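S.K.: Here's a structure for you.
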């Protein structure tokens with residue numbers, strides 16, 4: 001060993017080698033040798049990848065702008081028109097009763113709430129941000145809307161520990177699943193009562209919507225858009241949707257997903 005320099009002896013096939021590694025001077029392999037290991041930079045491929053990423057980003061931004069315009073020009077204007085028609089019909093009626101006035105007021109209130117929500121969506125799309133919301137409050141407001149309309153009595157049971165562990169994406173998907181299920185209860189099931197629960201067991205969250213409506217026989221019948229939409233949202237959460245229903249016995253919608261990745265045998 002030489003003083004002032006640390007050296008290491010390499011073994012070739014178990015025999016001493018004359019090669020040394022020194023801390024005093026680093027030896028770099030020739031640039032051409034990098035290609036032997038597939039490490040030579042591929043500038044053309046990198047440029048192509050960056051251009052493809054830029055193109056996808058540009059299309060996403062265009063889609064956001066297009067969706068915002070569609071919401072404003074189509075959905076928002078249609079909601080305005082519906083509200084104006086209700087107001088005009090109310091002014092033109094001579095037999096205006098207290099009950100009918102209350103019904104009109106509720107419809108106008110719901111339309112104004114929808115307008116507010118759509119305008120919020122447009123602002124989110126334009127700013128590129130996503131507004132936070134509280135799932136418990138959103139569900140309570142949704143239930144109140146149905147109860148005020150006199151269409152459905154809804155019982156809401158939320159396990160606090162289940163709500164607290166949800167991500168914002170999970171909260172939004174759950175809200176949309178519940179919203180679709182309640183809409184089906186009121187429009188198709190002729191239900192008068194519904195129960196919503198969100199509970200967690202181990203690392204799994206279960207969302208349950210149960211109604212006392214007319215039910216249906218799922219055998220041999222294709223799923224409608226609403227059920228397919230709920231199923232797609234459950235899958236996006238890494239879970240599954242189950243529908244339990246029987247003619248005359250109500251419907252039970254269950255969306256269940258795991259908070260942790262599940263390992264499956266191959």
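Read the figures in this text as sums done on the coordinates, not as results from a lab. All values derive from a computational prediction rather than experimental measurement. Using ideal geometry, Cβ is built from the backbone for each residue, glycine included, and neighbour counts are taken over all protein chains shown.
S.K.: What FRET efficiency comes out for the pair residue 176/residue 214, r = Cβ-Cβ distance, R0 = 41 Å, nearest 0.05?
M.R.: The calculated FRET efficiency here is 0.95.
S.K.: So what are the range 152-258's ellipsoid semi-axes, whole angstrom, largest first, if each one is the square root of 5 times an eigenvalue of the alpha-carbon gyration tensor?
M.R.: Working through the eigenvalues yields semi-axes of 23, 16, 11 Å.
S.K.: With label points built 7 Å along Cα→Cβ from the Cα atoms of residue 78 and residue 242, find their separation and express it in nm.
M.R.: With each label point 7 Å from Cα toward Cβ, the separation is 3.6 nm.
S.K.: Provide the gained length on full extension for the span residue 136 to residue 187, in nm with one decimal, where the gain is 0.36 nm per separating residue minus the Cα-Cα distance.
M.R.: In short, 16.0 nm is gained.
S.K.: With r as the distance between the Cβ atoms of residue 87 and residue 117 and R0 = 22 Å, compute the FRET efficiency 1/(1 + (r/R0)^6) and round to 0.05.
M.R.: The value I calculate is 0.60.
S.K.: Here is a further query. Give me the Kirkwood hydrodynamic radius of the range 56-127 in Å, from all C-alpha pairs, to one decimal place?
M.R.: Evaluated on the range 56-127, it is 14.0 Å.
S.K.: Nearest 0.05, what FRET efficiency do residue 66 and residue 108 give at R0 = 30 Å with Cβ-Cβ as r?
M.R.: Between residue 66 and residue 108 the formula returns 0.50.
S.K.: Order by neighbour count: 146, 225, fewest other Cβ atoms within 10 Å first, most last.
M.R.: Ranked by crowding around the Cβ, least crowded first: 225, 146.
S.K.: Two decimals is fine: what's Rg over Rh for the range 97-202, C-alpha atoms, Kirkwood radius as Rh?
M.R.: 1.01
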